[in-house]
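This report refers to the structure that appears directly beneath it.
Nothing in this text is a laboratory measurement; each read-out follows from the coordinates by a stated rule. Note that the structure is predicted; figures quoted are calculated from it, not measured. With ideal geometry, Cβ positions are generated from the backbone for all residues, glycine too; neighbour counts draw on all protein chains shown.
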Amino acid sequence: MIKYVILVIALIWREETLAAQHVVPGGAGDESGGCWSSARSSVQAAVDAAALSGEEVWVAAGRYPLAAPIELRNGSVVLGGFTGTESMASQRDPQTRVTVFDGQDAVQVVRMVDIVAARLDGVSVAHGSVAATNKMGGAGILISGCQYCTVATCRILHNRASLAVGATSCEGGGVLLKYSTSCQITDCLFTDNQATYGTSLSILYASETLVNACRFAGECHVGGRGVVRVNGSGPTYQNCVFTGNRVFWGSAIYSAQDQVFVNCTVCFTWNETQNGALHVFSPLTIRNNILAFNHPEAIREMNEQADPVLANNLFHGQGVADYFDFDGTHYLTGASQINVSTVPNNASGNVDGDPLFARCPVQDNGTWTTAPAYDRDCARTKLVDDSATFIPGELKGCFLNPDNNDTWSYGTVSIVSSTTV
């Protein structure tokens, strides 16, 4: 019994004293990292030290300019959103305490290469840059040869994958996920990223990928192929929002493999040519989604092998048609046509109807009473309507277009406090 009690005490002591490596802008004390008063200034140094002891890395809010990418290790857990006083990870708030990993428009920001079970959570991955050879990219985050890795609650912003000399394509302006298994990207915001394929995200030969509760908003690259581009084993998307994107083909998905697309909203997106928000080359299961106000079509088949399965979706207000059927070479508008006229008949239970997206201000002629204040690190604009009586939280997740003359640049409301959204 005495040996058992001693063992328990030892384990508790180890858990408390080896909880985390700490990082603050500029560092603190001797920068040994064991507590906030001796926090490191270098995220990479903290990641390397934590890899030796199994610690997490806690990163305080602020900007961390990078001269080289941050390389995660096996089992790395890097968490942002701290003030620099917390004793538990649950006390952090990444939404209001913004932690920015800044590639300074010069370097790739984060790399996960040939590792297992790493997690990046609660940071803004911003201003990454990479000159990519064909099938390479990931200016914000590169995940290659990994298993069970996760990117969660992150903002993927203002990253650029450009063409290296002699290259004809580059992949994943925000994130490139390739040759990996069972990885997840969850609850992330993608905006203002660029690459020739996958302005936000490219997924290449990465089996059992889950893209969950992510927002892809305001991606604008007139030469881009797909906000999300896929080749190889297809992912599952669930509870995602694609809005206000403008690319050449596939203002939501540019798909070359079987995928599952469920409980998502695709709206207010725009293509420069007649090539659909969901631009599909192979079978895609499209179930329980809202597809509204896309131009020119919500869905476009690109060959006779595409033939998506369409079940229980709501269609409304596309610019040209709801669906282009390659097999019949015809445009279909309205659920009644889609349910009976696709070739082969893979459609059922689809409906028409206005999704009744909420506007802000709620009245159509409402005006904002202060100038918009844009926070580039959050990709968030603060708008104030002194005449409104919003209930805190009531409009979170609703769509907003502050300019009635612009038919596709809609965003989503993330915070409602008093009269401020």
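For Val340 and Ala68, the FRET efficiency from 1/(1 + (r/R0)^6), where r spans their Cβ atoms and R0 equals 45 Å, is about 0.20. With the highest mean first, a sort of the peptides 248-257, 345-354, 66-75 on other beta-carbon atoms found within 10 angstrom per residue produces 248-257, 66-75, 345-354.
Quote the charge dipole size of the chain about the Cα centre in Debye, to the nearest 20; the model charges only the Cβ of Lys and Arg (+1) and of Asp and Glu (-1).
On the way: 24 positive and 38 negative charges, 139 e Å.
Value, rounded to 20: 660 debye.
Phi angles across the range 119-127 convert, under the Karplus curve 6.51 cos²θ - 1.76 cosθ + 1.60 with θ = phi - 60°, into 3J(HN,Hα) values of 9, 10, 9, x, 10, 8, 9, 9, 6 Hz, Gly and Pro given as x. Each principal axis of the Cα cloud of the range 137-179 was taken in turn, and the coordinate range along them, longest first, works out to 34, 24, 9 Å.
Can you give the extra length, in nm with one decimal, that the chain gains between Thr83 and Ala167 once fully stretched, where that is 0.36 nm per residue apart less the Cα-Cα distance?
Working: separation 84, 0.36 × 84 = 30.24 nm, distance 4.30 nm.
Extending this stretch completely gives an extra 25.9 nm.
As a rough guide to protection, the peptides 112-118, 123-129 ranked by mean Cβ packing within 10 Å, highest first, stand as 123-129, 112-118. Over the Cα atoms of the range 76-157, the radius of gyration divided by the Kirkwood radius equals 1.01; this is the Rg/Rh ratio. For the chain, the longest principal axis of the Cα atoms and the long axis of helix 2-17 meet at an angle of about 60 degrees.
A Förster radius of 30 Å combined with the Cβ-Cβ distance from Asn134 to Thr285 puts the calculated FRET efficiency at roughly 0.50. Remark: the Lys396-Ser90 segment gains 107.9 nm on full extension, using 0.36 nm per residue and subtracting the alpha carbon distance. Kirkwood hydrodynamic radius of the range 82-214, from the reciprocal of the average inverse Cα-Cα distance over all distinct pairs: 14.6 Å.
In the range 150-290 the Cα-Cα distances spread across 5 Å bins starting at 0 as 2, 11, 23, 27, 23, 10, 3, 0, 0 percent of all pairs.
Which percent of Cα pairs goes in each bin when the distances of the range 253-305 are cut into 5 angstrom slices starting at zero? Per 5 Å bin, starting at 0, the Cα pair percentages come out as 5, 21, 31, 25, 16, 2. Extension gain, Leu210-Asp354: 0.36 nm per intervening residue step, less the Cα-Cα distance, totals 48.9 nm. Suppose we look only past 35 Å in the calculated P(r) of the chain. What percent of the Cα-Cα pairs does that tail hold? Cα-Cα pairs of the chain separated by over 35 Å account for 32 percent.
Do the sum for the chain: with -39,500 (n - 2.57) for every DSSP H run of n ≥ 4, divided by all residues, what is the mean residue ellipticity at 222 nm, to the nearest 500 deg cm²/dmol? Mind showing how you got there, number by number?
Details: 3 runs with 34 residues, N = 421.
Theoretical 222 nm ellipticity from helices: -2500 deg cm²/dmol.
Loop-located GluC sites (Glu not before Pro) in the range 202-284 (DSSP state not H, G, I, E or B) with no more than 16 neighbouring Cβ atoms inside 10 Å: Glu208, Glu272.
In a reduced charge model with +1 at each Lys and Arg Cβ and -1 at each Asp and Glu Cβ, the range 250-378 shows a dipole moment near 280 debye about its Cα centre.
Projecting the Cα atoms of Leu176, Asn313, Gly33 onto the charge dipole of the chain (Cβ charges, centred on the Cα centre) puts Gly33 farthest toward the positive pole.
In this rough spin-label picture, where each label sits 7 Å from Cα along the Cβ direction, the Thr273-Val222 distance is 1.4 nm.
Take the Cα of Leu52, step 7 Å toward its Cβ, do the same at Asp114, and the gap between the two points is 2.2 nm.
Counting Lys +1, Arg +1, Asp -1, Glu -1, what net charge surrounds His316 among other residues with beta carbon under 14 Å of its beta carbon?
Counting the neighbours of His316, the net charge comes to -4.
Taking label points 7 Å from Cα along the Cα-to-Cβ direction, Thr181 and Ala106 give a separation of 3.9 nm.
Taking amide H as placed 1.01 Å from N in the peptide plane, Leu189 has its amide H under 5 Å from the amide H of Cys154, Arg155, Ile156, Arg215, each at least 5 places away in sequence or on another chain.
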